[in-house]
Amino acid sequence: MTPAAHIQAAIGILDAVIAAASGQGAPADRIVADWARANRYAGSKDRKAIRELVYAAIRACGPVPPSGRAAMLRLATDFPDMRALFDGAGYGPAPIGPDEQLAASGVAPAWLEERLAAADVAGQAARALLDRAPLDIRINTLKADPAMLNLPQAGAPLPVAGALRLSPGTPVEGWDAFKQGLIEVQDAGSQLACQAVAAAPGETVIDLCAGAGGKTLALAAAMQNKGTLIAADSDRRRLGQLAPRAERAGATIAHTVLLDPGQELDALAPWENKADAVLVDAPCSGTGTWRRNPEARWRLTPRELERLVALQARLLDVAAQLVRPGGRLVYVTCSLLDEEGAGQVARFLAANPRFSADPLDLPLGCPRGPGWRLQPGSDGTDGFFIARLSAA
């Protein structure tokens, strides 16, 4: 394929991504993969070039673009050589019209940029949300000694115990160390969130929004496979992914509990007022993960944000009923919006006087309200808000 044909293919994919974002359809990575399967004439280098164009165009646009072509024209404003390929030759894109519309630049839709700015995320800090993310791994201490582990590619040590950083695209899942469960792919910020739980051997720990269990596995390692570890979630499909992951990682204390939304305490009744620690890795806007899913900012609406904030508040109230006196509740979101972080926890503390915020002093990030915040621009991690609350 020619470079011009790459651009035209990317425009078609972008049209599908825009339609999916507006209709809450498939994510961009699946759309790109589906295109590759349906167009097998494209070689590996062609597929890579097209994928890079698609994601570069997504990052170049703030609000939802009117079309894939408008998005690509926005990207082309920074690359004069790319504009020259809009000449209509072969399988390339048609020439650029004198009044043709370009997609708007920016970090996100205007309303969302305003919410970020209100949370002191603006300028370079906001633009860093769209950088390309590195690849971080966690050494699984249930199976490996960090001092003795040899990997095909040396990772850069991070100021997080057992964490290494590799170049984006490193084929970690093909390594024997991954297949044997010696390492797990996990962002350093996510690893710090698990460390904030301070899970210890012999404790009863509940991962209330476990999903596929990435944090559950880190908690099992911290507990040295001693104690009770409950992975709970309402998503049967995602929760079902934990068992094979736990077997590979050697995590023998992770047990799953499927929750009925709105009736979570029915399933968790045996642990009411008994948990030493409850981790609430709450569903959120994901503003801290745009480096990995840049089109996600086109999917978020004010109404959806309101729904998420209400859900987070309800899950915090559920978690509070599980924590024993003297125990702790750790609230985490991969969001930089205060309504999902500092403001959410402040509301909870005002309504639950038996809880108080613990001071955190993590090796990355800085205080934010009653908790701690990590940002891509200053800390090199995904964006996170973390708060640890002790129960009287």
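General observations
- Within the chain, antiparallel bridges make up roughly 55 percent of the DSSP beta bridges whose residues both belong there.
- Charged neighbours of Arg236, selected by a Cβ distance under 15 Å, balance to -2 (K, R count +1; D, E count -1).
- Using the alpha-carbon positions of segment 135-184, Rg (one decimal) and Dmax (whole number) come out as 9.8, 26 Å.
- Links that overshoot a 20 Å alpha carbon limit, given the list Lys143/Lys215; Lys143/Lys226; Lys48/Lys179; Lys226/Lys274: Lys48/Lys179
- Averaging 1/r across all pairs of distinct Cα atoms in segment 3-106 and inverting the result yields a Kirkwood radius of 13.7 Å.
- Compactness of the chain, expressed as Rg and Dmax over alpha-carbon positions, Å: 22.4, 72
- Per-residue [θ]222 nm for the chain (sum of -39500 (n - 2.57) over DSSP H runs n ≥ 4, rounded to 500): -10500 deg cm²/dmol
- Only Lys, Arg (+1) and Asp, Glu (-1) charged, at Cβ; the chain dipole about Cα centre in debye: 520
- Low-density loop cleavage sites - chymotrypsin sites (Phe, Trp or Tyr not before Pro) in segment 19-69, where at most 10 other Cβ are within 10 Å (DSSP): Tyr41
- Phi-based couplings in Hz for segment 114-123 (Karplus 6.51, -1.76, 1.60; Gly and Pro marked x): 5, 5, 5, 4, 5, 9, 6, 10, 8, x
- Cα-derived Rg to Rh of segment 174-220, Kirkwood definition: 1.00
- Heavy atoms of the protein chains alone define the surface here; on that basis the chain has 43 Å² accessible area per residue at 1.4 Å probe size.
- The long axis of helix 3-22 is offset from the longest Cα principal axis of the chain by roughly 50 degrees.
- Gly227 sits among other residues whose Cβ lies under 10 Å from its own Cβ, and their net charge, with Lys and Arg +1 and Asp and Glu -1, is -1.
- Each residue was assigned an accessible area with a 1.4 Å probe, and for Lys274 the value is about 130 Å².
- Neighbour-limited loop hits for trypsin sites (Lys or Arg not before Pro), segment 317-375 (at most 12 other Cβ within 10 Å; DSSP other than H, G, I, E, B): Arg354
- Note on Arg132 and Asp34: with the Förster distance fixed at 22 Å, the Cβ-Cβ geometry gives a FRET efficiency of about 0.50.
- Charge tally in the Cβ shell below 13 Å around Ala33, where Lys, Arg are +1 and Asp, Glu are -1, Ala33 excluded: +4
- Excluding the site residues themselves, the longest part of the chain lacking any GluC sites (Glu not before Pro) in a DSSP loop with at most 16 other Cβ atoms within 10 Å is 101-271.
- The chain: angle of helix 302-320 to the longest principal axis, Cα-based, in degrees nearest 10: 20
- A simple rule links phi to the HN-Hα coupling: the Karplus curve 6.51 cos²θ - 1.76 cosθ + 1.60 with θ = phi - 60°, which for segment 265-271 gives 5, 4, 6, 9, 3, x, 10 Hz, with x for Gly and Pro.
- Rounded, prolate or oblate (a/c below 1.5 giving rounded, otherwise prolate when a/b exceeds b/c) for segment 187-391 by Cα gyration tensor: rounded
- Using θ = phi - 60° and Karplus 6.51 cos²θ - 1.76 cosθ + 1.60, couplings along segment 59-66 (whole Hz; Gly, Pro as x): 5, 6, 9, x, x, 4, x, x
- For segment 319-392 and segment 222-287, distance of Cα centres in Å: 19
- For the chain, with +1 on Lys and Arg beta carbons and -1 on Asp and Glu, the positive-most of Gly88, Val121, Ala221 along the dipole: Ala221
- Distance between segment 11-59 and segment 137-206 - C-alpha centres, whole angstrom: 30
The values are calculated or read from the model by the stated rules, or taken from the named source; none is laboratory data. Not measured: the values here are computed from a predicted model. Neighbour counts run over all protein chains shown; Cβ positions are idealised from the backbone, glycine included. For the accessible areas, the whole protein counts, side chains as well, though only heavy atoms, and no ligand, DNA or RNA atoms are used. Shrake-Rupley method; radii C 1.70, N 1.55, O 1.52, S 1.80 Å.
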